[in-house]
Amino acid sequence: MEPSSPHLSIVIPVYNEEAIVEQAAAELTQGLDARGWDYEIIFAENGSRDRTQELLEAMCRKNPRLRWFHSERPNYGVALKAGIEKARGDIVICDEIDLCDLVFYDQAVPRLERREADLIVGSKAARGASDQRPLVRRVATRMHNGLLRVTLGFKGTDTHGLKAFRRERLLPTIHKCVVDMDVFASEFVVRAWRDGLLVREIPIQLHEKRQPSIHLFRRVPNVLKNVARLVYVIRVRGE
Ligand SMILES: Nc1nc2c(ncn2[C@@H]2O[C@H](COP(=O)(O)OP(=O)(O)O)[C@@H](O)[C@H]2O)c(=O)[nH]1
Ligand SMILES: [Mg+2]
């Protein structure tokens, strides 16, 4: 590893977030600085049509701990995967700009440092979690996870959102992943379980800073298509 590598890399996909990106990043860096942590934040942006790119550029110019990169087409999975591949820290945290949940960091980082887990998932659906989203989105989370359990032998309660892991332990899993968009996050977590890595869940208290940017029902066809592809690749071809 390069001598200048930070201990912690935070990867945040962003898409059309001009309304909250500066404020959310400022609060996050303040919280991280207050903890005295050695960190970098990587903003993985693609497809934005608003002022997000301009704002990221200005933020990163002012603060050397921040980096960002861009590609043309909006794609959450492509952004997150590329961000993880660029991360240099021993520990990587995947966050979302509408969450930036330092309570999860405080719980997950020491456990990874003590090597009690390879991957820790912040679960909205585990016992003890609280999820304030509208009923339809909570039901969608349950249905998605049920689908992953039935089709791919998934053993946990959530795959989207907050995750923290030991980079070296998870890199081989990342390199195996084949799907993009929303289902990349599920593939990553499902493969970690299947690879026999030590996966743990922490129940989270979910407070979103705004409503989700993409309408739930518009995501469904793509999710089904990508889950079907995963079933084929993992179950049929055994990859
Ligand atoms: N790079 C990138 N980020 C995205 C895309 N869609 C959503 N995001 C980011 O992913 C995170 C979660 O998005 P959100 O709209 O809150 O969806 P939720 O996960 O259902 O709550 C936020 O940081 C978004 O900016 C995308 O197409 N590309
Ligand atoms: Mg959200």
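The values are calculated or read from the model by the stated rules, or taken from the named source; none is laboratory data. These numbers were taken from a predicted model, which means no experiment stands behind them. Note: ideal-geometry Cβ built from the backbone for every residue, glycine included; neighbour counts use all protein chains shown. Surface accessibility is based on the protein's heavy atoms, side chains included, excluding ligands, DNA and RNA. Shrake-Rupley method; radii C 1.70, N 1.55, O 1.52, S 1.80 Å.
Our estimate of slack between K155 and A19, defined as 0.36 nm per intervening residue step minus the Cα-Cα distance, is 45.3 nm.
Sorting L198, L162 by solvent-accessible area of protein heavy atoms yields L198, L162, largest first, with a 1.4 Å probe. Spacing of the modelled spin labels on L198 and K176, each 7 Å from Cα toward Cβ, amounts to 1.9 nm.
Note on the chain: GNM, Cα springs under 10 Å; of G83, G128, G47, the largest mean-square fluctuation is that of G128.
Determine, from the Cβ-Cβ distance of F69 and D33 and an R0 of 25 Å, the FRET efficiency 1/(1 + (r/R0)^6), rounded to the nearest 0.05. Don't jump to the answer; show the numbers that get you there.
Values: r = 23 Å, r/R0 = 0.92.
Result of the calculation: an efficiency of 0.60.
Of the trypsin sites (Lys or Arg not before Pro) in the stretch 112-213, the ones in a loop by DSSP (not H, G, I, E or B) with at most 14 other beta carbons within 10 Å are R114, R115, R127, K155, R210. Note on S5 and R127: their simple-model spin labels are 3.7 nm apart, each label 7 Å out from Cα toward Cβ. A 1.4 Å probe over all protein chains sorts M181, M143, M59 by accessible area into M143, M181, M59, starting with the largest. Here the relative contact order of the stretch 8-236, from alpha carbon pairs under 8 Å that lie six or more residues apart, stands at 23 percent.
Indicate, rounded to the nearest 5 percent, the antiparallel portion of the DSSP beta bridges found entirely in the chain. Write out the running numbers ahead of the final one.
Working: 7 of 31 bridges.
Looking only at bridges with both residues in the chain, the antiparallel portion is about 25 percent.
What is the stretch 181-227 by shape, rounded, prolate or oblate, if you read a ≥ b ≥ c off the alpha carbon gyration tensor as root eigenvalues and call it rounded for a/c under 1.5, prolate for a/b larger than b/c, and oblate otherwise? Judged from the Cα gyration tensor, the stretch 181-227 comes out oblate (a/c at least 1.5, b/c at or above a/b). Measuring with a 1.4 angstrom probe and ignoring ligands and nucleic acids, Y76 comes out at about 60 Å² accessible.
Using unit Cβ charges (K, R positive; D, E negative) and no other charged atoms, how large, in debye to the nearest 20, is the dipole of the chain about its Cα centre? Could you put the intermediate results ahead of the total?
Values: 38 positive and 33 negative charges, 217 e Å.
Charge dipole of the chain: 1040 debye, to the nearest 20.
Pairs with C-alpha atoms separated by more than 26 Å, drawn from the list K86/K163; K155/K209; K81/K209, are K155/K209.
Let's test the formula: R0 of 30 Å, r as the Cβ-Cβ distance of E113 and H207. What FRET efficiency results, to the nearest 0.05?
Details: r = 26 Å, r/R0 = 0.87.
For E113 and H207, the calculated efficiency is 0.70.
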